[in-house]
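K.L.:
First, the structure itself, so that you have it in front of you.
The values are calculated or read from the model by the stated rules, or taken from the named source; none is laboratory data. Predicted model only: the values in this text are computed from it and were never measured. Cβ atoms come from the backbone with ideal geometry, glycine included; neighbour counts cover every protein chain shown.
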Amino acid sequence: MSDFFQRHPRFFDTGETNPDPNRLIGRYGAIIEHRRDIFAAARVLDLGSHDGRWSLAALDAGAAHVTGVEARASLIEKAEASFSHYGVEAGRYVFQENDANAYLREAEADSVDVVLCLGFFYHTAHHMELIAQFARLGARHIVIDTAVTQDDRPIILMNTEETADSRRSIDYMGTGRAAVPVGRPSPAALVMMLDGAGYETAFYPWPEYAGDWAALPDYHKGDRMTAIAARRG
Ligand SMILES: C[S@@+](CC[C@H](N)C(=O)[O-])C[C@H]1O[C@@H](n2cnc3c(N)ncnc32)[C@H](O)[C@@H]1O
């Protein structure tokens, strides 16, 4: 198991969304360590990059460059401060303050190898559009770590969430209302959407996780999963 977070302990303090060390270390195994091979020399896009923890983890695992897209300016500042603190070469990363979909619509085709969509796919109602854009950008691998609806049917369960909470959705429609619609896909919906865009999906085997479950109850109950999708052909 990598010691990435032990070597970069600032992320235990800068994260505004559950920076419990055991949770981050457990998630690292699923998000990075399990398919470390996909990061070699990759151009990575990290959507909802938060304090930059997974952007730096991708570079540390061998990525050539990472673009972090995060809608909240205060979190971009935290990410840039940490990258500067850890002496990351300036040419290897860029953080963009933007709405994920707005960014994707303008992004260049064939400019990305790996997409990290972590903790974001249930804070949006734009699921299929996101995946279609990942394909247009040329991603060969897509890692989606998301809360799921446990249902055998391919469904997306809609809900609303408060935009004042920095862990959650922004007011992506600019309506000025305090809450926005978001949706939580079932695993079957996730597979169907990825399949439709030309990707084969595998799930990280969370049930076999041998570490400390205390900080990972959602993964333990099957309420959250990590999908790694590979482009066919
Ligand atoms: C639950 S956090 C996940 C952080 C990190 N990716 C992780 O998995 O540990 C969701 C992040 O997405 C950002 N976010 C929410 N809606 C967004 C949007 N429409 N565009 C870009 N970022 C967004 C939030 O500000 C927050 O930093």
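K.L.:
For residues in the stretch 93-145 being within 9 Å of the ligand (Cβ to nearest atom) and within 19 Å of ILE228 (Cβ to Cβ), which is surrounded by the most Cβ atoms within 10 Å (Cβ to Cβ)?
P.N.:
Across the stretch 93-145, the extreme among qualifying residues is LEU116.
K.L.:
What are the residue pairs meeting all of these: first residue in the stretch 116-145, first residue farther than 17 Å from GLU70 by Cβ and at pLDDT 95 or above, second residue among the charged types (D, E, K, R) and within 10 Å of the ligand (Cβ to nearest atom), Cβ atoms under 9 Å, and 6 or more apart or on different chains?
P.N.:
No pair meets every condition.
K.L.:
Let me ask something else about it. Out of everything in the stretch 2-18 that is crowded, with 17+ Cβ neighbours inside 10 Å and of a type outside the set (D, E, K, R), what residue ends up being nearest to VAL88 (Cα to Cα)? Before you say what the answer is, go through the steps one by one.
P.N.:
As a first pass, look at the stretch 2-18 and keep what is crowded, with 17+ Cβ neighbours inside 10 Å: 4-5, 8, 10-11, 14-15.
Next cut, of a type outside the set (D, E, K, R) only: 4-5, 8, 11, 14-15.
Values: PHE4: 14, PHE5: 15, HIS8: 12, PHE11: 15, THR14: 17, GLY15: 19 Å.
Going through the qualifying residues, I end up with HIS8.
K.L.:
Condition check: modelled with pLDDT of 95 or more, within 9 Å of the ligand (Cβ to nearest atom) and under 22 Å from ALA135 (Cα atoms). Does ILE31 satisfy that?
P.N.:
Details: modelled with pLDDT of 95 or more: yes; within 9 Å of the ligand (Cβ to nearest atom): yes; under 22 Å from ALA135 (Cα atoms): yes.
Judged against the criteria, ILE31 is a match.
K.L.:
What pairs can you find where one residue is in the stretch 1-25 and under 17 Å from LEU75 (Cα atoms), the other is among the small types (Gly, Ala, Ser), and their Cβ atoms are less than 6 Å apart, with a gap of 6+ or different chains?
P.N.:
ARG10/SER82; GLU16/SER166
K.L.:
Looking at (1) in contact with a Leu (Cβ under 7 Å, 6 or more places away or on another chain); (2) within 16 Å of the ligand (Cβ to nearest atom), which is the only condition GLU161 fails?
P.N.:
Result: GLU161 fails condition (1) only.
K.L.:
Shifting gears a bit: For residues in the stretch 162-216 being in a helix (DSSP H, G or I) and free of Cβ contacts under 8 Å to residues at least 24 places away in the same chain, which is surrounded by the fewest Cβ atoms within 10 Å (Cβ to Cβ)?
P.N.:
To start, the set of residues in the stretch 162-216 that are in a helix (DSSP H, G or I) comprises 187-196, 206-208.
Pick out the ones that are also free of Cβ contacts under 8 Å to residues at least 24 places away in the same chain and you get 195, 207-208.
On the way: ASP195: 14, PRO207: 9, GLU208: 6.
Applying the filter and picking the extreme gives GLU208.
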